[in-house]
1. Please specify each residue of region 3-27 satisfying the condition of being among the charged types (D, E, K, R) and either modelled with pLDDT of 90 or more or touching a strand residue (DSSP E or B) at 6+ places or on another chain (Cβ under 7 Å) (or both).
2. Restricting the first residue to region 69-88 and requiring it to be at positive phi, which pairs with a second residue that is open to solvent by 70 Å² or more (accessible area, probe 1.4 Å) meet a Cβ separation below 7 Å and a spacing of at least six or different chains?
3. With region 28-125 as the region, which helices (runs of 4 or more DSSP H) entirely inside it contain at least 3 residues that are charged (D, E, K, R) and either at pLDDT 90 or above or buried (at least 16 other Cβ atoms within 10 Å of the Cβ) (or both)?
4. For region 243-253, does any single residue satisfy the condition of being touching a Pro at 6+ places or on another chain (Cβ under 8 Å), open to solvent by 50 Å² or more (accessible area, probe 1.4 Å) and at pLDDT 90 or above?
5. Restricted to region 258-278, and to residues that are part of a helix (DSSP H, G or I) and modelled with pLDDT under 80, which residue is least open to solvent (accessible area, probe 1.4 Å)?
6. Pairs please, first residue from region 93-105 and over 16 Å from W28 (Cα atoms), second anywhere and among the small types (G, A, S) and buried (at least 16 other Cβ atoms within 10 Å of the Cβ), Cβ atoms under 6 Å, 6+ apart in sequence or on different chains.
7. Considering only residues of region 285-317 that are modelled with pLDDT of 85 or more and assigned to a loop (DSSP other than H, G, I, E, B), which is most open to solvent (accessible area, probe 1.4 Å)?
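The values are calculated or read from the model by the stated rules, or taken from the named source; none is laboratory data. Computed from a predicted structure; not experimentally measured. Here Cβ is always computed from backbone atoms with ideal geometry, including for glycine, and neighbour counts include all displayed protein chains. Ligands, DNA and RNA are excluded from the accessible area calculation, which covers all protein heavy atoms including side chains. Shrake-Rupley method; radii C 1.70, N 1.55, O 1.52, S 1.80 Å.
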Amino acid sequence: MSSETSSPSSTPRQIVWADLDKSKYYFWGCTVFLGIRLCVYPTNLIKTRLQVQRGTSVYRGSFDAFIKVFKSEGILGFYRGFPIFALGVLFGQVYITTYEYAKHRCNHLNVVMQGLLPGAVASVAGQTLSVPADVITQRLQILGMVRQKENMTSSKYGAPVTAKPPDQSLLGICRKIMVKDGLSGFYRGYLVSLMSNVPTSGIWWATYNCLLSHSGRYVASDSQGHHKMPVQAVSGVMSGVISAVATNPLDIIRTRIQVGGSRSVVYVTRKLWAEDGMGLFVKGLSARALSMSTSSFLIILGYETVKRLSLRYGASGGASSAVQYN
């Protein structure tokens, strides 16, 4: 290996928590990530509907779902439940603050653990706030699918389409959850949500750090000594795909439990296996991989841009910015 690639001064560095002006960071973070959520929400909605349906009762796949949603519900149909989903911007700030602080505390560990442990801890903090919003959002997302299934049944048997059923508004859904399960209903699937999202988050950050670590040996840093944005973006996309494939069955179980039915992980898993067999591992996977790779691409571009915009004066070239890859 050449002296240039092995020299510590030429090794790209990540911008870390200590380098940031926090007031700038929180302003730019909320602004940028709200826009990102607006972009990725349609694929998230399609993923949820594919995971919830039994077999192919409504949609035959991701493309078919996009077409049917557009025809029956229009553009706004892709944003059913978005206002609640948008609250995730605030939860995201809790998540990333926890991640960065935990990463700072884990700086003495190897590159995998610098991502795996902080990612897992941050997920627990974020999920504690975001699960109620997820439960409500997912129920809003599947309303259009329920309506489409009713229309298909009516068309098949020649029955008239019934009037709009009750409890399809945000308040109606919240009221229904309260009546049926009380406050605990808003944390439906909390433990299984942790079971799904904690490993997803840990695997994502561990993969991202590993990819940056290895790419830094071959790709030079930018003018400020940081990883170049295209390298970060590609690493983010690959991390999204890998974590999506690794945890897809857990995400399906989480979604099924949160939208209704049994709260038993064992029962839901057995039922999914009876319905889909080995297909359980790939059910909705293309939509989830698309959603996670797209969101990872946008999130990393947004996050790394936010960090660059939020640098404290004099922090861009300081040695304290270096992330130790062991």
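1. Matches in region 3-27: R13, D19, D21, K22, K24.
2. none
3. Result: 62-73, 88-105.
4. So far as region 243-253 goes, yes, one or more of its residues are touching a Pro at 6+ places or on another chain (Cβ under 8 Å), open to solvent by 50 Å² or more (accessible area, probe 1.4 Å) and at pLDDT 90 or above.
5. Q258
6. T98/A122; T98/A125; Y99/A122
7. R312
Per-residue answers, yes or no, for (1) outside any helix (DSSP H, G or I); (2) under 30 Å from Y99 (Cα atoms); (3) touching a helix residue (DSSP H, G or I) at 6+ places or on another chain (Cβ under 9 Å); (4) modelled with pLDDT of 85 or more:
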| position | (1), (2), (3), (4) |
| --- | --- |
| A163 | yes, no, no, no |
| P166 | yes, no, yes, no |
| C174 | no, no, yes, yes |
| I177 | no, no, yes, yes |
| K180 | no, no, no, yes |
| S193 | no, yes, yes, no |
| V198 | no, yes, yes, yes |
| I203 | no, yes, yes, yes |
